[in-house]
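Following: one structure in structure tokens, then a few remarks.
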Amino acid sequence: RVHRRSVEDSPIAALYRTMIGIAAQHVARAAPRVASRAVPVIARGMATEKQIWNQIQSTKNIQKITSSMKMVSAAKLKGDEARRLTATAFNTWANELNGPPTMIEDATFEELPAKCLIVPLSSDKGLCGGINSFVTRSVKAIIKAQHENGKTADIAVIGDKGRGQLNRLHSESIKLSLTEVESPGNFTLAGALASELIANGSGDYDAVVIVYNAFKNKATYNQMYKVIKPFNGEGEDEPLLAYEF
């Protein structure tokens, strides 16, 4: 008896069906991984009315804060200007004793004596516009000029910012540093600073050179230096000749 088998019932057909099933399973498993590697399409949309309103309110709040800060700064500046104008009348007589201050720009410093004590006035906190940097830069220029002319110079720095900047290159020249100086300045504060300088040997120098910023307007200030010499001259160099005691 002869049995005939169809193609579908043959072992080869069964093997093909098994292989196709296994391949289909691999494709089904790999499909999610392929989909996850696809580059997502980012769709930009217009902001909603709520988002725009929130952004407007945030900008208005920042504007209010900025306006308040401007008002506070303007009030502080007005008070400082009033104090400066009041103190100017008490300071003009000092020009008769030691001469007027000199602008540091284009200065040669040739008139400075052989041994000077430089007193830069800086702040304890950082200020914008390079206020402290300009003062320390001027001090470095004076020290360089003194060394080139065969002279010496030491530093008694006022303010933590000035000490930090000058300590990098001229740490050996810093003989005294005064920090946490309260603001605004007054005659009592100036007297206390002068007493500290005298107690630390400022009288052993030929002159004390004060380096500071001179106020010009809200956006401009000039670097100045004033030379204060001891009142021990004789003859034409004798101080206070115009006064009788």
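The values are calculated or read from the model by the stated rules, or taken from the named source; none is laboratory data. What you see is a predicted model, and the numbers here were worked out from it, not measured in a lab. Cβ atoms come from the backbone with ideal geometry, glycine included; neighbour counts cover every protein chain shown. Heavy atoms of the whole protein, side chains included, go into the accessibility calculation; ligands, DNA and RNA do not. Shrake-Rupley method; radii C 1.70, N 1.55, O 1.52, S 1.80 Å.
General remarks:
- Any chance Ser195 is under 27 Å from Glu110 (Cβ atoms) and among the hydroxyl-bearing types (Ser, Thr, Tyr): no
- Residue that is modelled with the lowest pLDDT [pool: residues in region 82-108 that are within 14 Å of Gly185 (Cβ to Cβ) and open to solvent by less than 60 Å² (accessible area, probe 1.4 Å)]: Ala87
- Pairing each residue of region 57-86 that is of a type outside the set (Phe, Trp, Tyr) with any residue that is open to solvent by 100 Å² or more (accessible area, probe 1.4 Å), provided the two are 6+ apart or on different chains, yields C-beta distances under 8 Å for Leu77/Lys218.
- Residue in region 176-196 that is more than 29 Å from Ala74 (Cβ to Cβ) and in contact with a Pro (Cβ under 7 Å, 6 or more places away or on another chain) present: no
- Residues being assigned to a helix (DSSP H, G or I), at pLDDT 65 or above and surrounded by 10 or more Cβ atoms within 10 Å (Cβ to Cβ) - total across region 28-50: 0
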